[in-house]
There are 2 protein chains.
Amino acid sequence: MNRLITIGIVDDHAIFRDGLKSVLSQIDGFYVVFEAMTGIDFLEILRDTKPDIVLMDISMPEMDGIRATEKALERHPHLKIIALSSYSDHIYYYKMIKAGAEGFVLKKSGKEELEKAIMEVYNGNNFFPQDLLKNLIFKISHEGREAMNESDIVLSKRETEVLQLICTGNTNSEIADKLFISPKTVDNHRTNLLQKTNTKNAAHLVMFAIKNHLIEV
Amino acid sequence: MNRLITIGIVDDHAIFRDGLKSVLSQIDGFYVVFEAMTGIDFLEILRDTKPDIVLMDISMPEMDGIRATEKALERHPHLKIIALSSYSDHIYYYKMIKAGAEGFVLKKSGKEELEKAIMEVYNGNNFFPQDLLKNLIFKISHEGREAMNESDIVLSKRETEVLQLICTGNTNSEIADKLFISPKTVDNHRTNLLQKTNTKNAAHLVMFAIKNHLIEV
DNA sequence: ACCCGAATAGAGGAATTCCCCTATTCCTTC
DNA sequence: GAAGGAATAGGGGAATTCCTCTATTCGGGT
């Protein structure tokens with residue numbers, strides 16, 4: 001009897017999770033052991049449950065997939081994570097590889113591709129679309145690492161969360177409510193964000209963040 | 001024997017379509033009769049196949065869900081379309097209602113919500129999330145229908161200039177100096193921009209403007 | 001000639017951001 | 001165990017934004 005491949009799903013869209021779970025359940029040998037709505041939930045669940053494969057959405061509020069991947073691999077280095085992305089933007093691709101993901105699948109590709117990715121990664125290989133990989137190598141060789149947004153600006157986990165919420169029009173009090181912290185703390189994060197990015201105000205900060213792919217649009 | 005409810009799915013993400021189809025297939029009485037990758041494909045398919053319900057993603061390349069909905073209803077007025085959206089962004093919601101959608105479901109809500117939406121719409125009712133609807137009604141009752149009728153956002157030349165300068169971190173006084181007008185005028189433009197785009201503050205405005213290609217990134 | 005929208009500008013006030021501080025706790029790293 | 005970064009939280013105040021309201025000018029269109 002073959003061992004089941006256990007899978008965890010991390011995505012903020014419940015409908016997408018439901019769908020993915022349903023698709024995977026129909027494939028022989030796959031078993032979805034958990035779903036997480038956010039990166040934070042995911043890290044929480046990892047304490048108890050360690051799946052063979054994690055399918056990780058990149059764009060999520062609160063904690064994005066890149067950071068969640070980094071954090072998870074810090075604590076569980078042997079975890080195998082496959083990134084799911086809506087965009088073929090090379091920057092996410094690059095960042096996800098750098099974070100330690102073993103695979104990358106575009107959401108616009110079908111379940112066959114996903115199944116293949118899971119099997120490959122489960123068997124100890126990588127799974128990265130050839131065209132994206134080629135593109136990435138070309139980019140790096142031609143434009144250097146600066147093009148990959150390897151600037152010295154590194155936002156902390158909390159700062160990224162705050163930034164995400166600033167982008168969607170939240171005030172300090174609203175952000176405070178959502179992150180269960182004081183508005184004053186949010187204000188401090190905001191100030192630090194402006195300082196780190198060398199921007200003048202929230203509008204400028206949002207522009208900078210989008211341009212430099214600190215957040216997904 | 002009950003008649004099957006036939007469903008069409010329009011979304012550019014194959015994995016999402018696969019998942020959705022799988023979820024819906026497990027619900028008794030639902031039958032997915034087609035999937036379309038783009039709005040154009042969808043209109044093509046409609047010539048031959050008319051489902052009871054269409055699940056329509058809003059953000060798609062080539063032809064977005066709003067335009068696809070409009071076009072489809074022009075030719076097939078009795079078609080029942082439910083919008084699927086990642087964002088609770090007010091403008092999509094409004095545009096989709098205006099385009100003639102009978103329902104609106106956020107992707108972050110679960111399959112139960114989706115099932116409910118399909119059943120309601122199939123039975124001749126609408127399905128719109130209460131909080132979003134309340135928000136919209138509030139807006140209309142306070143600002144009049146004129147504010148809403150102008151749903152296709154067109155910025156004036158001056159507004160675009162001001163917006164551009166807001167994005168690069170300029171304050172009202174700085175913008176005033178650069179455009180040789182009073183800071184108070186800039187303030188008015190700013191207020192109008194927020195109103196037109198229905199955004200909450202400058203940061204949100206910048207995000208919206210970039211998302212909707214009102215400015216160059 | 002008349003209306004309308006765009007652009008201009010101001011009064012005035014509430015809300016929010018921005019930006020100095022200080023300070024504590026909890027990690028991690030050296 | 002010391003040092004440093006991240007996150008927490010607060011005081012306080014200046015600057016800026018957000019919002020409502022009124023009002024004038026100018027040019028394009030019916």
**Prompt:** So, of the residues in the range A:177-193 that are closer than 21 Å to B:LEU205 by Cβ and of a type in the set (Lys, Arg), which turns out to be surrounded by the fewest Cβ atoms within 10 Å (Cβ to Cβ)?
**Reply:** A:LYS178
**Asked** Within the range A:2-46, which residues are more than 22 Å from B:LEU106 (Cα to Cα) and either within 13 Å of chain B (Cβ to nearest Cβ) or small (Gly, Ala, Ser) (or both)?
**Response** A:GLY8, A:LEU24, A:SER25, A:GLN26, A:ILE27, A:GLY29, A:PHE30, A:VAL32
**Request:** With respect to B:LEU24, determine if the residue is more than 29 Å from A:GLN26 (Cβ to Cβ) and either aliphatic (A, V, I, L, M) or free of Cβ contacts under 8 Å to residues at least 40 places away in the same chain (or both).
**Result:** no
**Complete:** Every listed condition ((1) of a type in the set (D, E, K, R); (2) buried (at least 17 other Cβ atoms within 10 Å of the Cβ); (3) farther than 23 Å from B:PRO77 by Cβ) holds for B:ASP28 save (2)
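Residue by residue through the range A:22-77, note down the ones that are among the aliphatic types (A, V, I, L, M), outside any helix (DSSP H, G or I) and within 16 Å of the chain's Cα centre (by Cα).
A:ALA36, A:MET37, A:ILE53, A:VAL54, A:LEU55, A:MET56, A:ILE58, A:MET60, A:MET63
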**Prompt:** Which of the residues that make up the range B:184-217 are within 19 Å of the chain's Cα centre (by Cα), basic (Lys, Arg) and outside any loop (DSSP other than H, G, I, E, B)?
**Reply:** B:LYS196, B:LYS211
**Request:** Can you tell me which residue within the range B:153-176, out of those that are acidic (Asp, Glu) and away from DNA strand D (no atom under 12 Å from the Cβ), is nearest to B:ASN201 (Cα to Cα)?
**Result:** B:GLU159
**Request:** Check A:ASP41 against each of (1) farther than 12 Å from A:LEU84 by Cβ; (2) modelled with pLDDT of 90 or more and name the one condition it does not meet.
**Result:** (2)
**Item:** Total residues in the range B:185-214, condition within 10 Å of DNA strand C (Cβ to nearest atom) and more than 17 Å from B:SER156 (Cβ to Cβ)
**Value:** 5
**Request:** Among the numbered conditions (1) outside any strand (DSSP E or B); (2) within 24 Å of B:ARG17 (Cβ to Cβ), tell me where A:LYS98 comes up short.
**Result:** (2)
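The values are calculated or read from the model by the stated rules, or taken from the named source; none is laboratory data. From a predicted model like this one, the values you see are computed outputs, not experimental measurements. Cβ sites come from the backbone with ideal geometry, for glycine too, and all protein chains shown count toward neighbours.
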